[in-house]
Amino acid sequence: MKLLQIHSSVAGAQSLSRRLTDSITNAIADAMPGLEIVSRNLAADELPHLPGERPPVVRAGKTEDLTPVQTEEYALAEAVLAEFLAADIIVIGAPMYNFAVSSQLKAWIDRLARAGRTFRYGPNGPEGLAGGRKVIIASSRGGVYSTSAAGQAADHQESWLKLVFGFIGITDVSIVRVEGVGMGPDALAAAFTAAEAEISALAPAAVAA
Ligand SMILES: Cc1cc2nc3c(=O)[nH]c(=O)nc-3n(C[C@H](O)[C@H](O)[C@H](O)COP(=O)(O)O)c2cc1C
């Protein structure tokens with residue numbers, strides 16, 4: 001079994017989503033001896049925005065007509081996608097920045113959701129091709145969004161991630177969150193206590209799946 005761990009916060013060692021991501025990864029590793037862990041830090045090793053010269057959908061490895069920029073982007077996207085597809089479990093640290101995900105995480109997902117590779121359009125509309133994997137989102141946010149209709153409507157972070165992974169065929173998406181972390185030390189401590197309890201339950205389930 002292989003686990004891919006993604007960090008996407010700009011806060012380095014102070015990052016709360018990183019703390020949560022590490023905690024989830026460690027709990028799964030404890031429950032699953034021999035688990036192979038691959039880690040990618042999208043802030044320390046940033047992926048560029050998609051270039052203006054985007055490669056077209058490349059079928060059957062026919063890359064000979066691409067420009068140099070397209071060739072470089074294609075190789076990068078293939079490497080990122082291969083790493084993702086090789087994983088059985090993907091744990092994603094996802095801080096809320098301006099109601100959405102960090103631009104670092106967005107640039108990574110722009111390399112995953114690709115026609116002919118992880119989804120295709122058929123007669124019945126879009127079909128996801130990347131199913132059979134488990135995604136766990138480690139979500140952190142300064143305010144509280146989960147407990148009210150207005151908060152849920154403002155959340156373009158967790159809801160968007162679930163949408164994207166569902167679109168490429170991954171329906172087994174769990175969320176572990178710390179929210180209200182900007183609302184004082186008591187709120188922060190309570191958020192982590194609740195999240196750690198969730199992680200204790202989640203890790204055995206991840207192993208059994
Ligand atoms: C650029 C930036 C934008 C933010 N935007 C929001 C926001 O829209 N809503 C919110 O509740 N918290 C927001 N926050 C607070 C973060 O979600 C919170 O600090 C969280 O812990 C960030 O995760 P991290 O510690 O892993 O970076 C923002 C923080 C930063 C740095």
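Taken together, the values in this text are just the output of simple stated rules run on the coordinates, not laboratory data. Source: prediction; values computed, not measured. For neighbour counting, all protein chains shown are included, and Cβ atoms are generated from backbone atoms with ideal geometry for every residue, glycine included.
For this structure, a couple of remarks:
- The range 61-151: proportion of alpha-carbon pairs further apart than 21 angstrom, %: 49 percent
- Per residue, the Cα convex hull of the chain amounts to 139 Å³.
- Relative contact order of the range 1-89, taken over Cα pairs closer than 8 Å and 6 or more residues apart, is 41 percent.
- Mean Kyte hydropathy of 1.0 or more with a Cα span along the axis of at least 27 Å, helices from DSSP in the chain: 185-208
- Helix-only CD estimate at 222 nm, as mean residue ellipticity for the chain, using -39500 (n - 2.57) per DSSP H run (n ≥ 4): -12500 deg cm²/dmol
- Applying the Karplus relation 6.51 cos²θ - 1.76 cosθ + 1.60 with θ = phi - 60° to the range 109-116 yields 3J(HN,Hα) values of 5, 4, 8, 9, 7, 9, 4, x Hz, where x marks Gly and Pro.
- Once divided by 2.2 N^0.38 Å, the Cα radius of gyration of the range 1-119 becomes 1.17.
- When the P(r) is computed for the range 106-148, the part past 17 Å accounts for 56% of the Cα-Cα pairs.
- Residues whose amide H comes within less than 5 Å of that of Ile175, counting only those at least five positions distant or on another chain, are Ile137 (H built at 1.01 Å from N in the peptide plane).
- Here Thr171 and Ser200 are evaluated by their C-beta separation; at R0 = 25 Å the FRET efficiency comes out at 0.60.
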